[in-house]
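Have a look at the structure below before the remarks.
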Amino acid sequence: MRRKARQAIKAENRPRFWGRHAVAAALANPDRGIVRLWATREAAAGLDLGAIPVTYSDVADLGRMVPRDAPHQGLVAEVERLDDILLADLLESAGEGRPLVVLDQVTDPHNVGAILRSAAAFGALGLVTQDRHAPPESGALAKAASGALETLPWVRVVNLARALEEMAAAGFWRIGLDGEAETSLADALGPPRIALVLGAEGEGLRQNTAAHCDSLARLPIAGIESLNVSNAAAIALYAASVA
């Protein structure tokens, strides 16, 4: 493939972020390349833009650059994707008391963004997903993450079962959340290093993923069958932070 063709494909795949929190966090991240910014003059005021090319636009023009009714708050940025992170490097930096969050084929960008936000809020070590069955970086995901996409390490792996084995070798106790489990999450917590493993809504954990967990545990809920996966992650992260 010729160089110009590769550059064109790369440009087509660049995400656009919108909203003050997502754009400001991207600007503050030294590892994030900012290609260009469109902004109202009011929204751009106070931002450290450096040498980033800025096109000043009105609200209506910005609205045509993002999905319908997306709350752009006067800011839209075209960005480069973050470089990949190796699981081995993340595990090497692990200390006690900082859980890993592992998602098994959770594909909705709003859910993944919300999970990133909760994981950052509760001091998680990072997020681990599959590369093919997880959403790419996008404006919707960055907006839901409210800046956490820029601060929480996100590792994408080819084989989730193999990644769980790698976590076990690094001393992580792997807890899979399962509404039918007999053990409560409170009883499953305790080891200093844990990985919270959550499956997609409806399907839950796949059988092979569950088989690579040390314990299956349920959240203490009553009256409903299950929670949204992002809500379940937030509750599990809180429980882990106070255990």
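The values are calculated or read from the model by the stated rules, or taken from the named source; none is laboratory data. The structure presented is a predicted model; accordingly, all values stated were derived computationally and were not measured. Methodologically, a virtual Cβ is constructed for each residue, glycine included, from the backbone with ideal geometry; neighbour enumeration extends over all protein chains shown.
Table for the structure above
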{"quantity": "Index of the failed condition, Gly199 passing every other in (1) over 26 Å from Gly97 (Cβ atoms); (2) at pLDDT 95 or above", "calculated": "(1)"}
{"quantity": "Qualifying residues in the stretch 195-215 (those that are more than 21 Å from Asn111 (Cβ to Cβ) and buried (at least 18 other Cβ atoms within 10 Å of the Cβ)) - the one nearest to the chain's Cα centre (by Cα)", "calculated": "His212"}
{"quantity": "Residue list for the stretch 178-194, filter: buried (at least 17 other Cβ atoms within 10 Å of the Cβ) and over 16 Å from Ser241 (Cα atoms)", "calculated": "Asp178, Ala181"}
{"quantity": "Where a residue in the stretch 18-29 is under 10 Å from Gly147 (Cα atoms) and its partner, wherever it lies, is part of a helix (DSSP H, G or I) and of a type in the set (A, V, I, L, M, F, W, C), with Cβ under 6 Å and at least six apart", "calculated": "Ala22/Ala142"}
{"quantity": "Qualifying positions in the stretch 43-69 - surrounded by fewer than 10 Cβ atoms within 10 Å (Cβ to Cβ) and more than 16 Å from Lys143 (Cβ to Cβ)", "calculated": "Ala45, Gly46, Asp48, Gly50, Ala51, Ala60, Arg64"}
{"quantity": "Filtered residues of the stretch 124-148 (kept if more than 15 Å from Arg81 (Cβ to Cβ), part of a loop (DSSP other than H, G, I, E, B) and touching a helix residue (DSSP H, G or I) at 6+ places or on another chain (Cβ under 7 Å))", "calculated": "Ala124, Leu125, Ser146, Gly147"}
{"quantity": "Ile115 in contact (Cβ under 8 Å) with a residue 40 or more places away in the chain and of a type outside the set (Phe, Trp, Tyr)", "calculated": "yes"}
{"quantity": "Test: Pro136 is loosely packed, with under 13 Cβ neighbours inside 10 Å and touching a residue at least 12 places away in the same chain (Cβ under 8 Å)", "calculated": "yes"}
{"quantity": "Qualifying strands (runs of 3 or more DSSP E) (wholly inside the stretch 1-117; at least 3 residues being modelled with pLDDT of 95 or more and more than 30 Å from Phe172 (Cα to Cα))", "calculated": "16-18, 34-39, 75-79"}
{"quantity": "Of all residues making up the stretch 156-174, the number that are buried (at least 21 other Cβ atoms within 10 Å of the Cβ) and either in contact with a Gly (Cβ under 9 Å, 6 or more places away or on another chain) or in contact (Cβ under 8 Å) with a residue 60 or more places away in the chain (or both)", "calculated": "5"}
